[in-house]
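As structure tokens, the structure follows; a few thoughts come after it.
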Amino acid sequence: MDTTPSPVLAADGASAEASTARDAERQVIEACQRGEREAFDQLVVRYQRDIYRLCYRYLNNHEDANDVTQEVFLKAWRGIGRFRGKSAFSTWLYRIGVNACLNFRAARRPAAQDLTETLPDPGMGAAQRVEKAQRAAQVREAVSRLPEKQRATLILKIYHELTHQEVAQVLGSTVGTVKANLFHALGNLRKLVAAEEGVKP
Amino acid sequence: MTDVLESGGSPIEWAHVASCAACRSRLEEARAGRELASKAEVPEPPGLYWEALRRNVSRRIAEEPARRSRWGWLAPLAAATAVVVIIAVSLVGRPPAPSDSAALLPAWSALPPVEDDDGLAVVGGLADGELANWDEGRGLGAFVAGLSDEESEALVAALHVERPEGEL
């Protein structure tokens, strides 16, 4: 007898799981809104990687990303009483994150570039690792030179895999604008990297 | 174009891209940009970093001044509302302060107009023509003061008529 669940049932199961996770998160948020700091700790654990990476992509170095990530969570704690659940909590948090990064960059130009970090990958040789890390740094640098809206759209859509609708909510924009900005961002990224390499795009 | 890039777009859009060199070029550029973007990984911090980050956030939040809960702002609002209601009720429920000044009396009077005042007709009958000389400037007090004891008693009895409840 075949015990493999049908795709429909599997989809229902995934949906139910997501719904349960949302309910659990809502309860955690309500606890935070009552002033329970331990509950907020759970949100930090859940989202700290996402927010750190968002900040890193904006600020291009660990030290600044670390500082701003902490600021984002502090702002979220101070403002969580005003979170009404009209959007996903992650969307709300990303919005705080993008604003914090923009403010930080505005206050501290130019952004430092962190070319010394390497990506640990045991399957690669040392030369390959360095080359990959340099390439990543080169692309991150090009991303950081994109116009503000294009950069935000690209980071949220490509690296954080938000939907167009979610990106629009984070940036206070429309789906159409998000799509246009994404398309321009990708094209401009290609041009910036090509220009740095001295080749014709 | 983003729809074409991400999901192939509609047949109409795809047909246009296939026939338009400029659009095809832009699409290729965006594809190359997406490929590049996928290479920009963020360096993973050491494993202990995340615990340190969590602790730092937790410590800084603990140093924050105590925050009221979501509905905490209702308490001062409710207190202010209660004070306003108490003051309003005490002002409305209080009888008007007596005043000796005629200028402070309301413009209206509980007395009916002269033509509807039965009491004046009675007074007129009792006064035997005295009312013909009635002058509002003279005053009712002076007229009543001039009545004999019998006339006063008759006046009181005549004015003491029962009226239905609620009628003035």
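The values are calculated or read from the model by the stated rules, or taken from the named source; none is laboratory data. In this text the structure is predicted, and so the values were computed from the model without any measurement. Here the Cβ is made from the backbone with ideal geometry for all residues, glycine too, and neighbour counts use every protein chain on show. Heavy atoms of the whole protein, side chains included, go into the accessibility calculation; ligands, DNA and RNA do not. Shrake-Rupley method; radii C 1.70, N 1.55, O 1.52, S 1.80 Å.
Just a few scattered comments:
- Complete set of residues in the stretch A:51-75 that are surrounded by fewer than 19 Cβ atoms within 10 Å (Cβ to Cβ), more than 10 Å from chain B (Cβ to nearest Cβ) and touching a helix residue (DSSP H, G or I) at 6+ places or on another chain (Cβ under 7 Å): A:LYS75
- Selection of the stretch A:142-154 for residues being open to solvent by less than 60 Å² (accessible area, probe 1.4 Å) and more than 9 Å from chain B (Cβ to nearest Cβ) yields A:SER144, A:LEU146, A:GLN150, A:ARG151, A:ALA152, A:THR153.
- Residue count for the stretch B:37-54, restricted to those that are open to solvent by less than 50 Å² (accessible area, probe 1.4 Å) and either within 22 Å of A:ALA137 (Cβ to Cβ) or at the interface with another protein chain (Cβ under 7 Å from one of its Cβ atoms) (or both): 9.
- The lone exception for A:THR163 - which of (1) surrounded by fewer than 21 Cβ atoms within 10 Å (Cβ to Cβ); (2) modelled with pLDDT of 90 or more; (3) in contact with a helix residue (DSSP H, G or I) (Cβ under 8 Å, 6 or more places away or on another chain) it fails: (3)
- Qualifying residue in the stretch B:33-48 (condition: modelled with pLDDT under 85 and touching a Leu at 6+ places or on another chain (Cβ under 7 Å)): yes
- Hey, A:ARG78 closer than 20 Å to A:LEU146 by Cα, open to solvent by 50 Å² or more (accessible area, probe 1.4 Å) and assigned to a helix (DSSP H, G or I) or not: no
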